[in-house]
1. Whether any residue in segment 269-287 is within 16 Å of the ligand (Cβ to nearest atom), more than 16 Å from ALA67 (Cβ to Cβ) and modelled with pLDDT of 95 or more is what I want to check.
2. Which of the helices (runs of 4 or more DSSP H) contained wholly in segment 237-289 include at least 2 residues that are under 20 Å from the mean Cα position of the chain (by Cα)?
3. Checking SER205 against (1) away from the ligand (no atom under 12 Å from the Cβ); (2) in contact with a Gly (Cβ under 6 Å, 6 or more places away or on another chain); (3) within 22 Å of ALA170 (Cβ to Cβ), only one condition comes out false. Which one?
4. Can you pull out the residues in segment 196-210 that are buried (at least 24 other Cβ atoms within 10 Å of the Cβ) and either of a type in the set (Lys, Arg) or over 12 Å from the mean Cα position of the chain (by Cα) (or both)?
5. Look at GLY125 and say whether it is buried (at least 23 other Cβ atoms within 10 Å of the Cβ), away from the ligand (no atom under 15 Å from the Cβ) and part of a loop (DSSP other than H, G, I, E, B).
6. Condition first: in a loop (DSSP other than H, G, I, E, B), small (Gly, Ala, Ser) and surrounded by 24 or more Cβ atoms within 10 Å (Cβ to Cβ). Now tell me which residues in segment 212-235 satisfy that.
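The values are calculated or read from the model by the stated rules, or taken from the named source; none is laboratory data. From a predicted model like this one, the values you see are computed outputs, not experimental measurements. No Cβ is skipped: glycine too gets one built from the backbone with ideal geometry, and neighbour counts run over all protein chains shown.
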Amino acid sequence: MEKKFKPGTLCVQAGWQPKKGEPRVLPIYQSTTFKYETSEQMAKLFDLEESGYFYTRLQDPTNDLVASKITELEGGAAGMLTASGQAASFYAIFNICSAGDHIVSAAAIYGGTYNLLAVTLKKLGIETTFIDQDASDEEISEAFRPNTKALFGETIGNPGLAVLDIERFAKIAHKHGVPLIVDNTFATPINCRPFEWGADIVTHSTTKYMDGHATNVGGAIIDSGNFDWDKYADKFPGLTEPDPSYHGLTYTKSFGKGAYITKATAQLMRDLGAIQAPHNAFLLNMGLETLHLRMPRHCENAQKVAEYLQSHPKVSWVKYPGLKEDKYYELGRKYLPDGSCGVLSFGLKGGRDESIDFMDRLKLAAIVTHVADARTSVLHPASYTHRQLSDEQLIEAGVAPDLIRLSVGIEDVEDIIADLNQALEI
Ligand SMILES: *Cc1c(COP(=O)(O)O)cnc(C)c1O
């Protein structure tokens, strides 16, 4: 949108801008392909000489319109949707790394991302050093090597709920000539816009709050356009040197602030194909239309639930950045002044077994492998999402073996607390 609107307006109206006689609501371009009149027109698209749609594995207008809404919300320069959050993390990294390269990442991140970095990317020859995000600048700097290509962290770690000191991380990354990639899934751009603190690239699992209704898996990558790839040209030859698969075109020269996303679309989507279905993008857009209404309610409910749990004698610990006693309260006030997210974690005095029994007694909150949707849900990460990790890795990833992850929904908070209460009182 041309004028600089506030986030609430962008949630509702950014992206699709209908002209005279066009549908008011974002259309679903349910088509694998797009028509041209001459072979020359088509050839220009294939050479990236002109922009336009030709095959939905690379780009689809519905997806691009939703990506542009998220890009505006984040205050970025260019963005794209992916089939899942995992695909977004993979593409965001693989777009600037190849075999022999290295990543520095916060350890307290989503289990799937940890696995992607520690196991799958390692198989492709990309190594990751995991660091404690609360370590000193010097300690974190020691993890960097000449072949390091990015620093990675989550605004709010899932499920450990550590708040990332984005400004400090951006400074460390830039000192080493690499971009900071931030997974902003839990905060969403309603509560934090990492680019304002110096992050260069933002990723999302749109499966969570953005969709918000647990209807579709998806991801997004947004580029701030601020990282100067040409300044570190030898580190990022994929962006700064001619691409043989596009007749020697150089992304930074041809696309400027759009270089990173154009490369990810033109190479990674073309060759790996983790595109979001246009129908899913349509559903995601519906979720985005109320994101600014849902996030404050998630945060308000989670704050009350966190305070309730904290005061309960059977609860041994609660982590939520909104609690004054929380280790991340101060960082939360800086980066998430309007609230963090609806997810909190806690443990029971009875330990791991008691946590599992408690969860089985819940009636309103459902046991599901999901977080961040309208319905309150619980999960025991050590038993499911993080079960591939050893106890040592669990603790490194900020997941205590007794940790219960509670995703507080937008129901009436009195009913949520009553449900927790009956399950605790037995
Ligand atoms: C869920 C999640 C992912 C992975 O997203 P999918 O859409 O499930 O592939 C990545 N990062 C964070 C922080 C998540 O919560």
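1. Checked segment 269-287: at least one residue is within 16 Å of the ligand (Cβ to nearest atom), more than 16 Å from ALA67 (Cβ to Cβ) and modelled with pLDDT of 95 or more.
2. On the way: elements: 237-240, 251-255, 259-263, 278-288.
Where helices (runs of 4 or more DSSP H) fall fully within segment 237-289 and carry at least 2 residues being under 20 Å from the mean Cα position of the chain (by Cα), they are 259-263, 278-288.
3. Here SER205 meets the rest and fails (1).
4. Taking segment 196-210 first, the residues buried (at least 24 other Cβ atoms within 10 Å of the Cβ) are 199-210.
If the condition is that a residue be buried (at least 24 other Cβ atoms within 10 Å of the Cβ) and either of a type in the set (Lys, Arg) or over 12 Å from the mean Cα position of the chain (by Cα) (or both), then ALA199, ASP200, LYS208 are the ones that fit.
5. Judged against the criteria, GLY125 is not a match.
6. GLY212, GLY218, SER224 - these are the residues of segment 212-235 that are in a loop (DSSP other than H, G, I, E, B), small (Gly, Ala, Ser) and surrounded by 24 or more Cβ atoms within 10 Å (Cβ to Cβ).
Matching residues to (1) more than 12 Å from the ligand (Cβ to nearest atom); (2) in a helix (DSSP H, G or I):
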{"site": "GLN59", "(1), (2)": "yes, no"}
{"site": "THR62", "(1), (2)": "yes, yes"}
{"site": "LEU81", "(1), (2)": "no, no"}
{"site": "TYR114", "(1), (2)": "no, yes"}
{"site": "PHE130", "(1), (2)": "yes, no"}
{"site": "ALA135", "(1), (2)": "yes, no"}
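Let's see how each residue does on (1) touching a residue at least 60 places away in the same chain (Cβ under 8 Å); (2) touching a helix residue (DSSP H, G or I) at 6+ places or on another chain (Cβ under 6 Å):
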{"position": "SER377", "(1), (2)": "no, no"}
{"position": "HIS386", "(1), (2)": "yes, yes"}
{"position": "VAL399", "(1), (2)": "yes, no"}
{"position": "ASP419", "(1), (2)": "no, no"}
{"position": "GLN422", "(1), (2)": "yes, no"}
